[in-house]
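Have a look at the structure below, then the notes.
The values are calculated or read from the model by the stated rules, or taken from the named source; none is laboratory data. These numbers come from a predicted model, not from an experiment. Counting neighbours? That spans all protein chains shown, and the Cβs are built from the backbone with ideal geometry, glycine included.
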Number of protein chains: 2
Amino acid sequence: MKQKIKTTAVSGFPEYLPADQLLLNQLRQTIAETYRSFAFIPLDTPALERREVLLAKAGSETEHQIYYLENNSDDLALRFDLTVPLARYISEYGGALTFPFKRYQIAKVYRGERPQKGRYREFYQADIDIIGEGLLPLSAEAEIIKVLATVFKKLAIGPFTIKISNRKLLSGLLAWLNLSEASAEILRILDKLPKIGEAACRRELEKLELNSSTVKEILEFVSLKENVLEKLGAFDIKHPDFVVGLGELQELAQCLADYGVSAADYAFDLSIARGLDYYTGTVWETFLDNYPELGSICSGGRYENLVAGFNERAFPGVGASIGLSRLFYQLKTAGLLVDSTIAVSDALVISDNRQRGEALADSLRRSGLSVAGAYGPEKLKKKLALANHWSVKTVYILGEEELAVDEVSVKDMLSGSQKRQALSDFI
Amino acid sequence: MKQKIKTTAVSGFPEYLPADQLLLNQLRQTIAETYRSFAFIPLDTPALERREVLLAKAGSETEHQIYYLENNSDDLALRFDLTVPLARYISEYGGALTFPFKRYQIAKVYRGERPQKGRYREFYQADIDIIGEGLLPLSAEAEIIKVLATVFKKLAIGPFTIKISNRKLLSGLLAWLNLSEASAEILRILDKLPKIGEAACRRELEKLELNSSTVKEILEFVSLKENVLEKLGAFDIKHPDFVVGLGELQELAQCLADYGVSAADYAFDLSIARGLDYYTGTVWETFLDNYPELGSICSGGRYENLVAGFNERAFPGVGASIGLSRLFYQLKTAGLLVDSTIAVSDALVISDNRQRGEALADSLRRSGLSVAGAYGPEKLKKKLALANHWSVKTVYILGEEELAVDEVSVKDMLSGSQKRQALSDFI
């Protein structure tokens, strides 16, 4: 019989063999545990939303990537991010929640775009947001940035920099230069600066018919690197947006210090503009110092009003999103996810006597280990091969000889060393 | 402005306020950790599958409940269970896996049926399966049943009984009585026995034009309660299915004893037939002893060949599924999910000095706690109200007075008692 049904993975919908799956789950769990340690609540909204809810917040690009469901009375579609569901949730249940409301959600989102390496149609996002009611102090930014820095430290993926700006600075500068009308276009170009470099950026800006001294000032502004706050004071710009933005950045610097975020983990960098119009104040992107070619691995910022379009009340928020599936692909490709501790199980108990074998296995499980048992008629050699397939760290052998004297042979699979211990050490 | 966009939850797509969400997550995590402790791997297949894959395995009822996606070249649809994706996965990657292959998957599935109380369109299933290559010993059943018994004990939802049968027994009996042709219909009726009772069952069976002594024998057979294995021997039935089924049940009894499954947690009960044709040997359903009205909270069994329809190789399996969303609804409704330890955060640090407050919070986080901070200008009373809203257990107050002498006031929110401790006890 010829096989007719296609069981291969669908392009853009990643799935993994056990070792990689365990590695991805570990990454996800580290993020979740860190989010949780800062008292964020793990919300879990449905994967499907009403079409009108998604369309109210989708940009023109995203709109075309939405997966709609056939014939259903509620006109459902798959979520394309986790922020729109959060906005709907806050709009709907705001009255029953306590603010500031801190939630995280690590879940799959769906975008019908052309899949490429590391770009998927179904992928995990790991979102974290703090939502205020009416007002939300700048310490919310410091808290989110601290959580992110803690995540990246725990992932042990080397030095990183969270590059922080405030959109009001650049928009204030452009208004001061009478360039407000072209600002969307200019921001779009500046956002590409890290990718295309200064020369290409200059050429693109000059195409907008800005004079060269203006282009120079803009590029100088976004290229400020050290002592950025001081240097900004020296730019004699009096536009109120700029003044407010500078004040916010100064306050944020103080907040970050108070919250104990290491100065090595972030930098003020005015080239960070973020494509999305969504953000209204603080914005940031995160880069791995030794792997700039990976691009930003986590972005975030402040938005004035999460529920705009759904509800008249004001819920300002600060949030960030880690593109988990993409990050996993990037880290793996860069060789940064080598973990020798990943195993199908911590221990394997081998015995012909499944009763005594399982009694030992249960004791090990109670101590928190993941434990498999092999009690079948296969030869010891074949069972030890299983331990290798599963990357098991320790094998406990309960042969007739051991059982006769109430002992167990404990084999360290990494070193190959083996020793006898009393069974009573474990049970 | 009138609000036009509907932000209410879509019927059949459950979502929860924080306290319930935390409770549900705890239930899910207990199941996941128990599955993992027995060395099952947490696979995570895509929520979308090709239409042809789902249709190959859908029953006529399920087929009409599948959610299809509009216009997409891969003809995608949302999975209606986690078994079909597993079958596709094994069929596709079987060559790269080590057998027996033990996996669990706790994920949402989708069925476009009419929602009712506790019946959803999007709901979690918590599946666990052992797949063999060619052969799979009966110890697989014992292992899965042991895992389930461990889960239900950890959930602390009171006494439960895993009622176990073997489909070969009943089909052997029916063949012996020359009723093989009517067997599907008879099994369907017997499956309703716990719900509709013996009298109603008898009436339905008599409608099939079985003579009353046959009906009596069938009902006597499925009503056997104690010493079932011995009594079965006394039924002088020589059909090979029956003989094999009895042998398997006897072997399973020995396995369960060897694996240390408590005799109080299971019973052999031949009324368990399971509607699905899917299962081929051992089958079981789980009932809470004190809440029989909840019906079965977990079912499972053995299937001869998981990948039939996808692939010519034989992969026998044993598996079980806990309908997590429905179980959560049931347990909550029955008042069995009262957990006073569920809190948005374990601790809240209150201080006007956010630097010293966060230093304390970080120390507590490092000890594994979930910790929030309240450092704003609000009054102490308002901050303590926050602790109540969040069901925080312990509040740490670092006021001016405490800071001056390097101490902290530790308030137990349950008892209301408060004491001073040296900050050095924590940092």
**Message:** Quick check on A:SER340: is it in a loop (DSSP other than H, G, I, E, B) and either of a type in the set (S, T, N, Q) or at pLDDT below 95 (or both)?
**Reply:** yes
**Fill in**
When the range B:175-200 is checked residue by residue, the ones that are over 18 Å from B:VAL228 (Cα atoms) and touching a Ser or Thr at 6+ places or on another chain (Cβ under 9 Å) are B:ALA175, B:LEU177, B:LEU179, B:SER180, B:SER183, B:LEU187, B:ASP191, B:GLU198
**Asked** Within the range A:386-409, how many residues turn out to be more than 9 Å from every other protein chain (Cβ to nearest Cβ) and surrounded by 13 or more Cβ atoms within 10 Å (Cβ to Cβ)?
**Response** 14
**Request:** Looking only at the range B:6-20, count how many residues are buried (at least 16 other Cβ atoms within 10 Å of the Cβ), at the interface with chain A (Cβ under 7 Å from one of its Cβ atoms) and in a loop (DSSP other than H, G, I, E, B).
**Result:** 4
**Complete:** So the strands (runs of 3 or more DSSP E) completely within the range B:369-421 holding 1 or more residues that are over 28 Å from A:LEU138 (Cβ atoms) are B:407-412
**Prompt:** Among A:LEU364, A:LEU324, which is the only one that is surrounded by 13 or more Cβ atoms within 10 Å (Cβ to Cβ), within 14 Å of another protein chain (Cβ to nearest Cβ), farther than 30 Å from A:ASP127 by Cα and in contact (Cβ under 8 Å) with a residue 24 or more places away in the chain?
**Reply:** A:LEU364
**Item:** Condition check for A:LEU224: hydrophobic (A, V, I, L, M, F, W, C), modelled with pLDDT under 90, touching a Leu at 6+ places or on another chain (Cβ under 9 Å) and part of a loop (DSSP other than H, G, I, E, B)
**Value:** no
**Complete set of residues in the range B:378-387 that are within 19 Å of B:LEU360 (Cα to Cα) and over 43 Å from the mean Cα position of the chain (by Cα)** = B:LEU380
**Message:** Every residue in the range B:280-321 that is touching a residue at least 12 places away in the same chain (Cβ under 8 Å) and farther than 27 Å from B:PHE101 by Cα, please.
**Reply:** B:PHE287, B:LEU288, B:ASP289, B:ASN290, B:TYR291, B:PRO292, B:LEU294, B:GLY295
**Request:** Return the only residue of B:PHE328, B:PHE310 being of a type in the set (Phe, Trp, Tyr) and not in a loop (DSSP other than H, G, I, E, B).
**Result:** B:PHE328
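So that you can scan it fast, the table gives a plain yes or no per residue for (1) within 13 Å of another protein chain (Cβ to nearest Cβ); (2) in contact with a helix residue (DSSP H, G or I) (Cβ under 6 Å, 6 or more places away or on another chain); (3) over 26 Å from A:ASN25 (Cα atoms); (4) surrounded by 22 or more Cβ atoms within 10 Å (Cβ to Cβ):
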{"position": "B:ARG79", "(1), (2), (3), (4)": "yes, yes, no, yes"}
{"position": "B:LEU97", "(1), (2), (3), (4)": "yes, no, no, no"}
{"position": "B:ARG114", "(1), (2), (3), (4)": "yes, no, yes, no"}
{"position": "B:ALA142", "(1), (2), (3), (4)": "yes, yes, yes, yes"}
**Request:** List every residue pair whose Cβ atoms lie under 6 Å apart, where the two residues are 6 or more positions apart in sequence or sit on different chains, the first residue falls within the range B:4-16 and is farther than 19 Å from B:ARG114 by Cβ, and the second residue, located anywhere, is among the aromatic types (Phe, Trp, Tyr).
**Result:** B:ILE5/A:PHE310; B:THR7/A:PHE310
**Item:** Out of B:VAL215, B:VAL261, sole residue that is part of a loop (DSSP other than H, G, I, E, B) and either surrounded by 15 or more Cβ atoms within 10 Å (Cβ to Cβ) or outside the structural domain of B:LYS168 (by TED's automatic domain parsing) (or both)
**Value:** B:VAL261
**Request:** Hey, could you check the range B:21-63 for residues that are in contact (Cβ under 8 Å) with a residue 40 or more places away in the chain and assigned to a loop (DSSP other than H, G, I, E, B) and say which is farthest from the other protein chains (Cβ to nearest Cβ)?
**Result:** B:GLY59
**Fill in**
If you go through A:PHE80, A:PHE38, the only one that is more than 18 Å from A:ARG326 (Cα to Cα), within 22 Å of the chain's Cα centre (by Cα) and modelled with pLDDT of 95 or more is A:PHE38
**Pair list, Cβ under 6 Å, 6 or more apart: the range B:380-391 residue under 16 Å from B:ASP20 (Cα atoms), other residue hydrophobic (A, V, I, L, M, F, W, C)** = B:TRP390/B:VAL344; B:SER391/B:ALA343
**Item:** Selected residue (criterion: farthest from B:VAL410 (Cα to Cα)) from residues of the range B:330-345 that are crowded, with 20+ Cβ neighbours inside 10 Å and more than 8 Å from chain A (Cβ to nearest Cβ)
**Value:** B:GLN330
**Request:** Could you grab me the full set of residues in the range B:218-236 that are within 12 Å of B:LEU270 (Cβ to Cβ) and not polar (S, T, N, Q)?
**Result:** B:ILE218, B:LEU219, B:GLU220, B:PHE221, B:VAL222, B:LEU224, B:LYS225, B:VAL228, B:LEU229, B:LYS231, B:LEU232, B:PHE235
**Message:** I'm trying to understand the selection: among the residues of the range A:116-137, which are crowded, with 20+ Cβ neighbours inside 10 Å and within 11 Å of chain B (Cβ to nearest Cβ)?
**Reply:** A:TYR120, A:ARG121, A:GLU122, A:PHE123, A:TYR124, A:ILE130, A:LEU136
**Residue that is surrounded by the most Cβ atoms within 10 Å (Cβ to Cβ), among those in the range A:40-59 that are of a type in the set (Gly, Ala, Ser) and touching a Leu at 6+ places or on another chain (Cβ under 8 Å)** = A:ALA47
**Request:** Just name the residue that is nearest to B:LYS57 (Cα to Cα) out of those in the range B:287-307 that are modelled with pLDDT of 90 or more and not in a loop (DSSP other than H, G, I, E, B).
**Result:** B:TYR303
**Request:** Residues being of a type in the set (Asp, Glu) and either in a strand (DSSP E or B) or outside the structural domain of B:GLU312 (by TED's automatic domain parsing) (or both): count how many of those fall in the range B:64-94.
**Result:** 0
**Item:** Any hit, the range A:148-157, residues being over 27 Å from A:GLU248 (Cα atoms), among the basic types (Lys, Arg) and out of contact with any strand residue (DSSP E or B) (no Cβ under 9 Å at 6 or more places or on another chain)
**Value:** yes
**Condition check for B:SER363: in contact with a helix residue (DSSP H, G or I) (Cβ under 8 Å, 6 or more places away or on another chain) and assigned by TED's automatic domain parsing to the domain that holds B:GLN421** = no
**Request:** Please work out which one of (1) over 24 Å from B:SER391 (Cα atoms); (2) outside any helix (DSSP H, G or I); (3) within 11 Å of chain B (Cβ to nearest Cβ); (4) of a type in the set (D, E, K, R) is the condition A:LYS163 fails and give its number.
**Result:** (3)
**Set B:ALA263, B:ALA267: member being free of Cβ contacts under 8 Å to residues at least 40 places away in the same chain and either within 14 Å of chain A (Cβ to nearest Cβ) or of a type in the set (A, V, I, L, M) (or both)** = B:ALA263
